[in-house]
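Colleague: Pasting a structure below so you can have a look.
The values are calculated or read from the model by the stated rules, or taken from the named source; none is laboratory data. Note that the structure is predicted; figures quoted are calculated from it, not measured. Note that each Cβ is placed from the backbone with ideal geometry, even for glycine, and that neighbours are counted across all protein chains shown.
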Amino acid sequence: MPCYRCGVRQTDPERGKSPWRRGVVRDRLVLICPACQESTDWTAELEHCAQCRSAHLIRRLGQVECLDCGLVREPEASLVPVRGPDSPAGDPDPADATLADEVGRALDRLLGRH
Ligand SMILES: [Zn+2]
Ligand SMILES: [Zn+2]
């Protein structure tokens with residue numbers, strides 16, 4: 001996997017820890033090369049942990065896990081369907097509730113209930 005910023009290919013270090021850092025951008029696991037880590041804002045585009053604000057996140061099995069504090073974000077958060085600006089997320093459509101109410105009352109009248 002190449003560096004997501006500059007596209008340079010990862011070269012495996014002979015031994016020891018890789019200087020490359022992992023991160024999550026828009027729910028995708030990415031790698032950042034050591035050169036790009038020199039820039040001060042290299043974590044700006046990365047997702048940050050909701051708990052400790054660390055950018056040291058990895059994505060696995062559909063979950064995003066913080067490597068610093070261990071917080072795991074469940075995949076549901078990213079599975080919410082994207083809605084258009086004219087259909088904001090929120091409570092169920094009130095028109096449906098009103099309709100159900102009227103149908104119920106009509107049925108009551110029909111069946112002679114009060
Ligand atoms: Zn890079
Ligand atoms: Zn964390």
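Colleague: Just one of (1) near ligand 1 (Cβ under 10 Å from one of its atoms); (2) in a loop (DSSP other than H, G, I, E, B) trips up THR11, so point out which.
Modeller: THR11 satisfies all of (1) near ligand 1 (Cβ under 10 Å from one of its atoms); (2) in a loop (DSSP other than H, G, I, E, B) except (1).
Colleague: May I ask you to list pairs of residues, at least six apart or on different chains, whose Cβ atoms are under 8 Å apart, with the first in the stretch 15-29 being free of Cβ contacts under 8 Å to residues at least 40 places away in the same chain and the second being among the small types (Gly, Ala, Ser) and surrounded by 14 or more Cβ atoms within 10 Å (Cβ to Cβ)?
Modeller: Cβ pairs passing all conditions: GLY23/ALA55; LEU29/GLY23.
Colleague: Also, quick follow-up: Please go through the stretch 22-58 and pick out each residue that is in a strand (DSSP E or B), of a type in the set (Val, Ile, Thr) and over 20 Å from VAL72 (Cβ atoms).
Modeller: ILE32
Colleague: Give CYS33, CYS6, CYS52 a once-over and let me know the one that is at pLDDT 90 or above and under 18 Å from the mean Cα position of the chain (by Cα). It would help to see each step written out before you state the result.
Modeller: Details: CYS33 fails: under 18 Å from the mean Cα position of the chain (by Cα); CYS6 fails: under 18 Å from the mean Cα position of the chain (by Cα).
On inspection, the qualifying residue turns out to be CYS52.
Colleague: Same structure, new question: Tell me, which residue of the stretch 36-70 that is within 16 Å of ligand 1 (Cβ to nearest atom) and touching a Cys at 6+ places or on another chain (Cβ under 7 Å) is farthest from THR11 (Cα to Cα)?
Modeller: Ranking the candidates gives TRP42 first.
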